[in-house]
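A.B. asks: Okay, here's the structure, questions in a sec.
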Amino acid sequence: MRIFFTLLFFLSFCLTSFSQKDSLQLGDKYSDDQIYASISYAQFNEQPNSISKSNFSYALSVGFIKDFILNKQGNLSVAAGVGYGVDFFNHKLKVEEINNTTIFSSDNTISGNLFKSHNLEFPLELRWRTSTANKYNFWRVYAGIKFLYNIANKFQFEDANNNSFSYSNITSYNKFQYGLTLNVGWNTFNIHAYYALNSLFQSSARLNGQRINVQPLRLGFIFYIL
């Protein structure tokens, strides 16, 4: 969490120092390079049949995205960025790492079953908006794909005797992930959605013979700082 807020402060300082719109006039060519920060409700989609729905979970992310204008009006562009995200899943899937092998099971007696994931983010977007060179408040629809590279993951839980277990960087975790994104809204306040297109776990992950093909779904808000 400390990394998240440190990065957000650093990016805010840099963008404030190098604001690009202050001297632009109506009709000038411009781009919307931005810091983004999001907070989302998170859920495991496509869980195995024997696993109940996850409890309340959330995700945070922050980063910088570069805008490349496609037309003279400046209302259509593509953008590429880099950022950092962290997920906190309060889930029902029991995950253990025994002798470099990941073991999945369903156990209703465990509690505090938490999964934390730290990822580098690489968003790519096609952007439409109603902005101009000196119009800061505008509608936007940004759709695209986000690539994730996992830098750390941890599964931890407590058993019925209050014994704690923790497993970091499990072997069956899929380090490369990607999914569709949609950001829609007005000015700083925007709705954010992310739907993963591949599983958190490698194809060998099984529970009672069923492939564990869980895919994160995130719904929340994203904020842009000019």
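A.B. asks: Give me the distance in nm between label points sitting 7 Å out from Cα along the Cα-to-Cβ direction at V141 and F189, one decimal.
C.D. replies: With each label placed 7 Å out from Cα toward Cβ, I get 2.1 nm.
A.B. asks: Cα centroids of the range 203-226 and the range 151-180: how far apart, whole angstrom?
C.D. replies: So the two Cα centres are separated by 13 Å.
A.B. asks: Measuring from a point 7 Å past the Cα of Q202 along Cα-to-C-beta, which residues in the range 78-111 have an amide N at less than 11 Å?
C.D. replies: In the range 78-111, the label zone of Q202 (backbone N under 11 Å from the point 7 Å along Cα→Cβ) covers 101-102.
A.B. asks: Accessible area per residue, 1.4 Å probe, Å², for the range 61-179: what's the number?
C.D. replies: For the range 61-179, the per-residue accessible area is 47 Å².
A.B. asks: For K154, list the aspartates and glutamates whose Cα falls under 16 Å from its own Cα; do not include residues on the same chain fewer than 8 positions away.
C.D. replies: K154 reaches D87, E96, E97.
The values are calculated or read from the model by the stated rules, or taken from the named source; none is laboratory data. Not measured: the values here are computed from a predicted model. In this analysis, Cβ positions are derived from the backbone assuming ideal geometry, glycine residues included, and neighbour counts consider all displayed protein chains. Remember, those area values only see protein heavy atoms, side chains included, never the ligands or the DNA or RNA. Shrake-Rupley method; radii C 1.70, N 1.55, O 1.52, S 1.80 Å.
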